[in-house]
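Data first, discussion second: the structure below is written as structure tokens.
The values are calculated or read from the model by the stated rules, or taken from the named source; none is laboratory data. No experiment lies behind these values; they were computed from the predicted model shown. Cβ sites come from the backbone with ideal geometry, for glycine too, and all protein chains shown count toward neighbours.
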Amino acid sequence: MVQASPQLLKQLALRFGLIGQSDGMVQAMSRLLQVAPTDLSVLITGETGTGKEVFAHAVHDLSVRKKSAFVSVNCGAIPETLLESELFGAEKGAFTGSVEQRRGFFETAHKGTIFLDEIGEMPIGTQVKLLRILESGEFSRLGSSDVHKVDVRLVAATNRDLAYEVRQGRFRQDLFFRLNSVNIHLPPLRQHPDDIGLLVEYFGQRVADKNSIAYKGIDPRAEQVLTALPWPGNVRELRNLIETMITLEQGARITEEIVLRYLPAPSQNELLGAPSTALMRLTDVQQRTTAEADMQMMYRTLLQLSSDVAEVKTVLRHLLSMSNIPVDVPHDQRTQEAPTPTQPIMTEPVHEELELSNLERKAIETALRRTQGNRRESAKMLGISERTLYRKIDEYGLQ
């Protein structure tokens, strides 16, 4: 796939608010530009809040159907008993409360584009009718056997793993194959943190213009805080935070203190499993020696990859003691007199299993497992080059 030029990416940012220079976002936008002028169905996948509807609008607006209707339907928000009639229409008396003939969303989108969000929530019975309309353009209203024709382009989106849903019998395999012929995958924000600065500037300027206030930018340390967060709500969560801070602070320059004040409590406490001051010390490590910088990389990687919080805390204490970095310890974990903020944590000698090479091996194994063996995604998750990852895999004898 040919990647979009910087000029085209800039146009997408200005026209649709599609922001990103990371590999994952560039690939997604390149695929968008490639498929939009065609009439192919498109499946957009990604976690909640990654911008799937924004991409769907862009697919429509960059197509020959842009002058016709764009109809957006959230399949997960419509009761199962009503979804079929909402999509395909219903005849008078087709069900209780149906007092007149009504057109469905597909008829409304004739000659245009229909966007089916959360398509993974669609019942099997409705999936059968959807497949029919994709194959032949034909459908029947609920309560009627008359066949109608419609010319509609379909863009679907889901945060589910449809291949898994097929194996579980909850999604039709033939429909999945039909939809998945063109797939645009949007990576979660935690996998392209380098784009956070660009997104902050975009959302900050937009909300400032909307409220007629001056946007004074963001401090580097404040941006580091945002970059270190896991962002379960992805771009939508980041946008809401930026809009709230700038509106309530009346455009004041975003500082580290402002960010921490507006972060929800779970984001502050769960970030490192420790007080938020530990985050500030994490950023200080970036200015130290190469050896300590390597430890910092492992530090953050283990935080992102490990699902065992207790194990993470143990590993972090050993790493910090090895690099002589002070850290605050939560009160409930102090088994003896707490060290002062300027003293490093003293621990017993590091066990062989906690040597850096073992930690590195574990991080690589975890990344490979999380990405189902995808080495490119594993390298991005670990923050290293693919060449380095291949060398490490050979070095540790991993497959």
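Screening Asp146 with (1) free of Cβ contacts under 8 Å to residues at least 12 places away in the same chain; (2) outside any loop (DSSP other than H, G, I, E, B) gives one miss only, at (2). As for the stretch 52-68, it holds no residue that is assigned to a strand (DSSP E or B) and crowded, with 18+ Cβ neighbours inside 10 Å. The requirement of being more than 24 Å from the chain's Cα centre (by Cα), exposed (fewer than 15 other Cβ atoms within 10 Å of the Cβ) and of a type in the set (Gly, Ala, Ser) is satisfied by Ala214.
The numbered conditions (1) more than 27 Å from Gln21 (Cα to Cα); (2) assigned by TED's automatic domain parsing to the domain that holds Arg153 are all true for Asn183 except (1).
Does Arg178 satisfy the condition of being of a type in the set (D, E, K, R), in a loop (DSSP other than H, G, I, E, B) and in contact (Cβ under 8 Å) with a residue 40 or more places away in the chain? So Arg178 does not fit the description; no. Among the residues of the stretch 28-55, those identified as touching a residue at least 60 places away in the same chain (Cβ under 8 Å), under 24 Å from Asp194 (Cα atoms) and not acidic (Asp, Glu) are Ala28, Arg31, Leu32, Ile44, Thr45, Gly46, Thr48, Gly49, Thr50, Gly51, Lys52, Phe55. Scanning the stretch 1-51 for residues that are surrounded by fewer than 19 Cβ atoms within 10 Å (Cβ to Cβ), within 24 Å of Arg239 (Cα to Cα) and aliphatic (A, V, I, L, M) yields a total of 4.
Checked across the stretch 120-142, the condition of being of a type in the set (Lys, Arg), assigned to a strand (DSSP E or B) and surrounded by fewer than 19 Cβ atoms within 10 Å (Cβ to Cβ) holds for no residue. Scanning the stretch 181-194 for residues that are crowded, with 16+ Cβ neighbours inside 10 Å and farther than 16 Å from Ala222 by Cβ yields Val182, Ile184, Leu186, Pro187, Pro188, Leu189, Arg190, Gln191, His192. Taken over the stretch 166-175, the residue count meeting the criterion of being surrounded by fewer than 17 Cβ atoms within 10 Å (Cβ to Cβ) and either touching a residue at least 12 places away in the same chain (Cβ under 8 Å) or assigned to a loop (DSSP other than H, G, I, E, B) (or both) is 4. The set of residues in the stretch 231-259 that are out of contact with any Phe, Trp or Tyr (no Cβ under 8 Å at 6 or more places or on another chain) and at pLDDT below 90 comprises Gln250, Ala252.
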